[in-house]
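Notes for the one structure printed next.
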Amino acid sequence: MQANSFKLNFDDSFTQCLACAAITPGLQNVLLFDTSLETLRISGLVIAQMLEAVTDNSVPKITLSTFETEEDLWGSLGINNESQEYSFNWKPGLLGNDAKPRLVIIPDLTKLSLAAMRACVVMMGGKVAHLELHKT
């Protein structure tokens, strides 16, 4: 299903909540839990369309999983050898600090990498984080 062919239905309360989140500048985070991957995927498409309509910009969709490192998320220094002189240049990561809205999707919180967990705390603006993992 392509995002352009997806029609929004504002009759249900869930879609109305996503719309409120998209148009409220102070609300930076939306947490969906206890849902299927299909619901998460469709919700991601819906809120991305809403954010694009509100901001007039494309909204990058980022999916986090088990393998992201700090460098993948925030960026890293690379060596630029385009001329005779070598220099360092910054290669932005998935969560680069450009102040543009982005949609971050986490399909399985229990399998999230440690670096991505720390990134979630930073993105949510939390001063303190508590993470528990119960193994059975």
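The values are calculated or read from the model by the stated rules, or taken from the named source; none is laboratory data. These figures come from a predicted structure and were not determined experimentally. Every residue, glycine among them, receives a Cβ derived from its backbone with ideal geometry; neighbour counts consider all protein chains shown. Keep in mind that these areas ignore ligands, DNA and RNA; they rest on the heavy atoms of the full protein, side chains included. Shrake-Rupley method; radii C 1.70, N 1.55, O 1.52, S 1.80 Å.
Could you work out how much longer the chain between LYS111 and MET124 gets when fully extended? Use 0.36 nm per residue separation minus the Cα distance between them, nm to one decimal. Before the final figure, lay out each step's value.
Numbers: separation 13, 0.36 × 13 = 4.68 nm, distance 1.89 nm.
Here the segment from LYS111 to MET124 would lengthen by 2.8 nm.
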- Within straight cross-link reach of LYS91, meaning Cα distance under 16 Å, which aspartates and glutamates are found once same-chain residues fewer than 8 apart are removed? GLU68, GLU70, GLU71, ASP72, GLU82
- Note on the structure: For the pair ASN89 and THR39, the simple spin-label estimate (label points 7 Å beyond Cα toward Cβ) gives in nm 4.5
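Keeping every protein chain in place, order MET50, MET123 by accessible area at 1.4 Å, biggest value first, i.e. largest first.
Details: MET50 15, MET123 70 Å².
The ranking, largest first, comes out as MET123, MET50.
Expressed in nm to one decimal, what extension gain is obtained for the pair ILE23 and ALA53 from 0.36 nm per residue of sequence separation less their Cα-Cα distance? Numbers along the way, then the final one.
Values: separation 30, 0.36 × 30 = 10.80 nm, distance 0.93 nm.
Extra length available between ILE23 and ALA53 comes to 9.9 nm.
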